[in-house]
Amino acid sequence: MQYGSVPGLDKPVSRLVQGTVMVRSDSWDSSVALLDAVYALGGNTFDTAHVYGQGDNERTFGRWVNDRGLREQVVIIGKGAHHNQDRQRVTPFDISADIHDSLARLRTDYIDLYLLHRDNPGVPVGPIVEVLNEHLAAGRIKAFGGSNWSQSRIQAANEYASAHGLVPFAAASPHFSLAIQFKEPWENCITLTGDANEAARRYYRETQMPLFTWSSLAGGFFSGRFRPDNLNTFTEYLDKLCVQSYCYEENFARYARAEELARQRGVSVPQLALAYVLSQPWNIFTLVGCANGAEFAVNAAALDLHLTEQEISWLERGESHSASSF
């Protein structure tokens, strides 16, 4: 396992972050087996959210942490202020309410890294930065940032913090993968893929702000199950999201190049796609949704698979050479 650091945290943070959306009380045994296996493999960082399972996710994960006595060994990423069907909830009131809910569910007195799950660009950043600083000062969170916040909004928030002597956002969590996200899978998602987001990629390269990228394997696109001739056969919710978001001609071309380079490097296509993300010139951590320890171990192997700039460029654009020329 490889580790990095986040300003405000005094623990190492594993570069591979295990998501917990699949952790549920009604599948306690399999959830515990997954979490135990990830931790045994060096994965000490876990992504949770107030909205997952209407609270069951946090309660179940918190039970595991407390039963194992691991609170000071693990890094908990919590997310809150997700919109609901009635209103956008990026307000000081909702942020505070969600933090208190999550602390109670997790049975802990602090969350290591707290991310705002969504943004509302129509509200000013000042009150948001101020309320997060209040919870930081109270010790309820150790660091904070934005998931699905645009680079420009994060920059505005940090400029406000600097002007008012406050602690800035420490991290961001947008989507990023080898597959371009042509359509957002859920409302108000932010991606770093595609030509339109070059300025954002440049910002994170220059600032080296920690990035916790989600859906690095593009919702299963790199599994090989999706082909141009079978896209209308998928009926499962997550599969249909993958078709909607990633199954386009340019991405199938990228998949073909990834397949060629993976054969040359002696790895799987998903490992190569994950290595593409981890080889970016950013301070990067990546979220994965492994179903068991074996999957986590396979993904962790990608940490040691570094791609060159030439290889990255070829995967993206298919320039005038083949994988065999590297």
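The values are calculated or read from the model by the stated rules, or taken from the named source; none is laboratory data. Bear in mind that the values here come from a model prediction, so they are computed numbers and not experimental data. Because the Cβ atoms are built from the backbone with ideal geometry, glycine has one as well, and the counts that use them run over all protein chains shown. Surface accessibility is based on the protein's heavy atoms, side chains included, excluding ligands, DNA and RNA. Shrake-Rupley method; radii C 1.70, N 1.55, O 1.52, S 1.80 Å.
Tabulated data for the structure shown
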{"quantity": "Number of the condition not met by SER27 [criteria: (1) over 21 Å from SER173 (Cα atoms); (2) touching a helix residue (DSSP H, G or I) at 6+ places or on another chain (Cβ under 8 Å)]", "calculated": "(2)"}
{"quantity": "Restricting segment 30-41 to residues that are within 19 Å of the chain's Cα centre (by Cα) and either without any contact (Cβ under 8 Å) to a residue 40 or more places away in the chain or farther than 25 Å from HIS175 by Cβ (or both), the residue that is surrounded by the most Cβ atoms within 10 Å (Cβ to Cβ)", "calculated": "LEU35"}
{"quantity": "Of the criteria (1) touching a residue at least 60 places away in the same chain (Cβ under 8 Å); (2) of a type in the set (Lys, Arg); (3) assigned to a helix (DSSP H, G or I), which one ARG63 fails", "calculated": "(1)"}
{"quantity": "Subset of segment 148-184 (residues that are under 17 Å from PRO7 (Cβ atoms) and either touching a Ser or Thr at 6+ places or on another chain (Cβ under 8 Å) or not in a helix (DSSP H, G or I) (or both))", "calculated": "TRP149, GLY165, LEU166, VAL167, PRO168, PHE169, ALA170, ALA171, ALA172, SER173"}
{"quantity": "Which listed residue is touching a Cys at 6+ places or on another chain (Cβ under 8 Å) and closer than 26 Å to ILE190 by Cα, from GLN18, GLN54, GLN85", "calculated": "GLN18"}
{"quantity": "Tally of residues being touching a strand residue (DSSP E or B) at 6+ places or on another chain (Cβ under 7 Å) and within 18 Å of ALA40 (Cα to Cα) across segment 283-311", "calculated": "8"}
{"quantity": "Single residue of ARG15, ARG24 found to be open to solvent by 10 Å² or more (accessible area, probe 1.4 Å), over 14 Å from VAL75 (Cα atoms) and among the basic types (Lys, Arg)", "calculated": "ARG24"}
{"quantity": "Filter result for ASP101 (under 25 Å from TRP186 (Cβ atoms), at pLDDT 95 or above and among the acidic types (Asp, Glu))", "calculated": "yes"}
{"quantity": "In segment 113-128, the residues that are without any contact (Cβ under 8 Å) to a residue 40 or more places away in the chain and within 23 Å of the chain's Cα centre (by Cα)", "calculated": "TYR114, LEU116, ASN120, PRO121, VAL125, ILE128"}
{"quantity": "Output for segment 154-165, where each listed residue is over 17 Å from THR213 (Cα atoms) and either among the hydrophobic types (A, V, I, L, M, F, W, C) or surrounded by 13 or more Cβ atoms within 10 Å (Cβ to Cβ) (or both)", "calculated": "GLN155, ALA156, ALA157, ASN158, GLU159, TYR160, ALA161, ALA163"}
{"quantity": "Subset tally (residues that are farther than 16 Å from GLN18 by Cβ and open to solvent by less than 10 Å² (accessible area, probe 1.4 Å)) for segment 50-100", "calculated": "8"}
{"quantity": "Test for ARG87: is it part of a helix (DSSP H, G or I), at negative phi and not hydroxyl-bearing (Ser, Thr, Tyr)", "calculated": "no"}
